[in-house]
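Reading through the structure tokens given below for one structure.
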Amino acid sequence: MRTFAKILLTIAAIQYGFVPPVVDFTETHVFHSDWPPHARFHLVWLLTLGIAFASYVLVAVWYRSSRSGSTLRHASIVGCIVLTGFFVAAMFRAQYGGSLTDLAAPIEIAGIDGNVFSFTIAGIFQLVGTAIVWLWPENNRA
């Protein structure tokens with residue numbers, strides 16, 4: 001069960017840490033000519049944080065140590081925090097004039113907004129992996 005949790009947490013980390021930079025370092029986001037320079041700065045900052053957190057989680061999930069149980073639990077919480085940021089931004093987008101996608105080039109998967117689809121899958125993997133790490137007795141050593 002522990003290995004299954006590690007795989008779920010890894011997939012979630014790849015999605016929230018490494019997919020967004022591939023999608024967002026483009027003309028629709030970071031290099032969008034209509035975006036104010038300060039908004040671009042904040043996006044690059046956010047993307048860098050996502051990469052850093054995901055990298056930390058991947059190392060923590062797969063690094064073997066005498067405290068691997070507590071390290072794995074900590075890594076699972078970090079992933080939850082990162083994904084919560086997405087869902088908070090999505091939930092309150094009307095209040096700040098935000099949009100889930102670039103209105104000029106919307107992406108849909110199975111009729112669902114691409115961001116909602118991919119972050120929901122990552123969120124499910126993250127929550128299941130976190131539950132396994134925290135609730136199964138075999139994962140609670142050291």
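Read-outs: derived from the displayed coordinates by stated rules, not from any lab. Here the structure is a predicted model, which means the values were calculated and not measured. For neighbour counting, all protein chains shown are included, and Cβ atoms are generated from backbone atoms with ideal geometry for every residue, glycine included.
The table for this structure:
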quantity: Rounded to whole Å, sorted largest first: equivalent-ellipsoid semi-axes of the stretch 1-83, Cα gyration tensor; calculated: 31, 11, 8
quantity: Cα-based convex hull, the stretch 74-142, per residue volume (Å³, whole number); calculated: 92 Å³
quantity: Per-pair calculated FRET efficiency, R0 = 22 Å: Val44 and Ser99 via Cβ, rounded to 0.05; calculated: 0.70
quantity: The stretch 40-137: chymotrypsin sites (Phe, Trp or Tyr not before Pro) falling in loop per DSSP and having at most 13 other Cβ within 10 Å; calculated: Tyr63, Phe92
quantity: Table column - 3J(HN,Hα) (Hz), the stretch 92-108, Karplus curve with 6.51, -1.76, 1.60, x for Gly and Pro; calculated: 9, 4, 5, 5, 10, x, x, 9, 5, 9, 5, 4, 7, 9, x, 10, 10
quantity: Residue range of the chain that is longest and free of trypsin sites (Lys or Arg not before Pro) which are both DSSP loop and sparsely packed (at most 14 other C-beta within 10 Å); calculated: 68-140
quantity: The chain: Cα Rg divided by the 2.2 N^0.38 Å rule of thumb; calculated: 1.15
quantity: Ellipticity estimate at 222 nm from DSSP helix runs (n ≥ 4, -39,500 (n - 2.57)) divided over the chain, nearest 500; calculated: -23000 deg cm²/dmol
quantity: Dipole magnitude of the chain, debye to nearest 20 (Cβ charges: Lys/Arg +1, Asp/Glu -1, about Cα centre); calculated: 840 debye
quantity: Fewest-first sequence of Leu49, Leu103, Leu9, Leu43 by Cβ atoms within 10 Å of each Cβ; calculated: Leu103, Leu49, Leu43, Leu9
quantity: Fewest-first ranking of His38, His32, using other Cβ atoms within 10 Å as the exposure measure; calculated: His38, His32
